Amino acid sequence: DAGVTQSPTHLIKTRGQQVTLRCSPISGHKSVSWYQQVLGQGPQFIFQYYEKEERGRGNFPDRFSARQFPNYSSELNVNALLLGDSALYLCASSLAWGNTEAFFGQGTRLTVV
Amino acid sequence: AQTVTQSQPEMSVQEAETVTLSCTYDTSESDYYLFWYKQPPSRQMILVIRQEAYKQQNATENRFSVNFQKAAKSFSLKISDSQLGDAAMYFCAYRSPTEYAGNTPLVFGKGTRLSVIA
């Protein structure tokens, strides 16, 4: 079975632009979470979705938004990019909301110049 | 809010030797889950081991074991018979149980970079 897949793997954007990152969870997993990992730090929680509804949000500005589709895949959108948004964005899937086992994708490396 | 602290930014170990990575956490909850994740250069977070706070027995997974001290809020990872493939960033993480929170995100420490010397 395929694991969590994220696309693209790398991305370079200019300040002020908008970006969309994509995540496909493991087959059968209904919950998707997004994390931001700045270089040299641990991942920070951004969003959690379950059954297409937002179930949790971390301490991130409104420039960050996300959604989950009927097939449980998810998109993370970031508007008005800042240099500080440069990071590795990780997607994790799990079977159900609150389930303790989270499986991660390989991430999208976003560089804002 | 819960916090996780990893006080060792970098550690090194000789191949075949044993190394212990430290982690402390702060919480007012009595029940929770603790994890160690490995992040190799491929960037993918891989679950190494997990511990439920209500279980007194320390978790073990092959060469990996933990020393869980609930009263001290300490959760260290011991790697025995270290191998070159163990070289990676290691993150300690905390998660509240479902009934305590509207969402249950993982709270990560800053990580420890482990080097394995041949």
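The values are calculated or read from the model by the stated rules, or taken from the named source; none is laboratory data. Values in this document were obtained by computation on a predicted structure and should not be read as measured data. FYI the Cβ positions are ideal-geometry reconstructions off the backbone, even for glycines, and counts take in every protein chain you see. For accessibility, only protein heavy atoms count, side chains too; no ligands or nucleic acids. Shrake-Rupley method; radii C 1.70, N 1.55, O 1.52, S 1.80 Å.
For this structure, a couple of remarks:
- Screening residue B:21 on (1) within 21 Å of residue A:106 (Cβ to Cβ); (2) surrounded by 19 or more Cβ atoms within 10 Å (Cβ to Cβ) shows it passes everything except condition (1).
- Of all the listed residues (A:69, A:45), the sole one being within 13 Å of chain B (Cβ to nearest Cβ) and not aliphatic (A, V, I, L, M) is A:45.
- If the condition is being surrounded by 17 or more Cβ atoms within 10 Å (Cβ to Cβ) and in contact with a Phe, Trp or Tyr (Cβ under 7 Å, 6 or more places away or on another chain), then region A:1-25 contributes A:4, A:21, A:25.
- Counted residues, region B:75-118 - those being assigned to a strand (DSSP E or B) and either open to solvent by less than 50 Å² (accessible area, probe 1.4 Å) or out of contact with any strand residue (DSSP E or B) (no Cβ under 7 Å at 6 or more places or on another chain) (or both): 17
- Verdict on residue B:42 being more than 10 Å from chain A (Cβ to nearest Cβ), over 17 Å from residue B:105 (Cβ atoms), surrounded by fewer than 19 Cβ atoms within 10 Å (Cβ to Cβ) and without any contact (Cβ under 8 Å) to a residue 24 or more places away in the chain: no
- Residue A:40 meets the conditions (1) open to solvent by 50 Å² or more (accessible area, probe 1.4 Å); (2) among the small types (Gly, Ala, Ser); (3) more than 11 Å from chain B (Cβ to nearest Cβ) in every case but one. The failed one is (3).
- The strands (runs of 3 or more DSSP E) found wholly in region B:1-74 and carrying at least 1 residues that are within 13 Å of the chain's Cα centre (by Cα) occupy B:3-5, B:19-21, B:24-26, B:33-39, B:46-52, B:64-69.
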